[in-house]
Structures are given as C-alpha cells and as structure tokens.
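K.L.:
One structure, pasted below without further comment.
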Amino acid sequence: MTERFWSKVDRSGGSNACWNWTAFRDRDGYGRFQISKTVCRTSHRVSWEMENGPIPDGLCVLHKCDNPSCVNVVHLFLGTRADNNADRKKKGRNGLVRLCGDANPSRQSPETLPRGEGHANARINEQIVRAIRSSSASSRALAKQHGLGESHIYKIRTRKLWAHVT
C-alpha cells in the first residue's frame, strides 16, 4: 500500500515543498486514496497516518500550506474542528464548511462563497473561460490545453461553471 500511495505523489519540489497528489481529487481538490474495495480516504490523512500513526478521534488533519492536494507531512498538523474552522476563517475560506475526517463538505449560502479566480481551487481565470467558450476546438483538445477534464470544459461552455463570466 505504501509504495502504491507514494507513486501517486509528485515530490519533485524537495522535502519542504508541497507534495501534490496526482491521482483522483474530489471537487474541493483533496486527494482520494482507495485503501480497499470499500474504503476510500483523503490522501493527506493517509499520509499523516503513515508517518505518525492513527489520528486521535475528533481531530482533523489541517494544511499549513492551504493546498488541499498536498500530502507532505511537514505541511500537515492536527487540530480540533474549532482549530480547523479558525484556520479556514483566517485564510479567507469562510464559505466552505468541511467536517473532520472524510465527510463530504456542506455548503453555506452560494452568495457567501468565493467565485471564479477568488476561489481557492481555481485553476483557470476569466480570460481562459472566455477563450474556452468562444473556441470551436473540441472539448478534448481544450481540456488537454488547459489541464482540465472534458466534463469541466462542457460545464464551462454550458455555464454550469463560471456562470458569472459573460
């Protein structure tokens, strides 16, 4: 399991850099690692446990770097839900409420969420969105060009994502 886990991590930046998860990430950018046929965990929690042992009940694994795909244990620390909420607020991510562990996040009012380039997980900007919408290239070509999935391109073109961009 350890070898399979680390094969999905980009550690090219060195020991103090973010080690980004290169396999599947959820909609919030957190890596997901399949432990068994029925157990899937967030990659940063698996990384913490491989290095430090089990996470005590009720504690979260937080990111110093604020990079949800990072699994470098140097960038991770334990905290309570209150610590996690305070950290989220301090970093300006008040709209996203993530429970500790591997629970799915629940969202507050959409008006309070950062949109577009202001969102912590944004990988493109409004200029790229406009270019995608005006392009006659295939979704596959655009996805490859911009480092996105074809479904992401489809959602941009149909205004399910980046709807505020005209």
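K.L.:
What aspartates and glutamates could a cross-link reach from LYS91, if we take a straight Cα to Cα line under 16 Å and drop same-chain neighbours fewer than 8 places away?
P.N.:
ASP28, ASP66, ASP83, GLU117
K.L.:
Follow-up question, since we're still on this one. Springs between alpha-carbon pairs under 10 angstrom, Gaussian network model over the chain: which of GLY92, GLY79, GLY13 fluctuates most?
P.N.:
Highest fluctuation of the listed residues: GLY13.
K.L.:
Here's a follow-up. Give a quick list of trypsin sites (Lys or Arg not before Pro) in the stretch 30-74 that DSSP marks as loop, anything other than H, G, I, E or B, with at most 16 other Cβ atoms within 10 Å.
P.N.:
Hits after loop and neighbour filter: LYS37, LYS64.
K.L.:
Sticking with this one: LYS144: which lysines have alpha carbons under 19 Å from its alpha carbon, excluding same-chain residues fewer than 8 sequence positions away?
P.N.:
Output for LYS144: LYS155.
K.L.:
Looking at VAL61, VAL71, ILE153, which one has the Cα that reaches farthest to the positive end of the dipole of the chain (charges on Cβ: Lys, Arg +1; Asp, Glu -1)?
P.N.:
ILE153
K.L.:
Same structure, new question: Compute, for the chain, the length of the dipole vector about the Cα centre, with Cβ point charges of +1 (Lys, Arg) and -1 (Asp, Glu) only. Units Debye, rounded to 20.
P.N.:
With Lys and Arg at +1 and Asp and Glu at -1, about 660 debye.
K.L.:
Past the 24 Å Cα-Cα mark, which pairs from LYS8/LYS64; LYS89/LYS160; LYS37/LYS64; LYS64/LYS160?
P.N.:
The answer is LYS89/LYS160; LYS37/LYS64; LYS64/LYS160.
Where a number appears in this text, it was derived from the coordinates with a stated rule and is not lab data. This structure is a prediction, so every number in the text was calculated from the model and none was measured. Glycine gets a Cβ as well: all are built from the backbone with ideal geometry, and neighbour counts include every protein chain shown.
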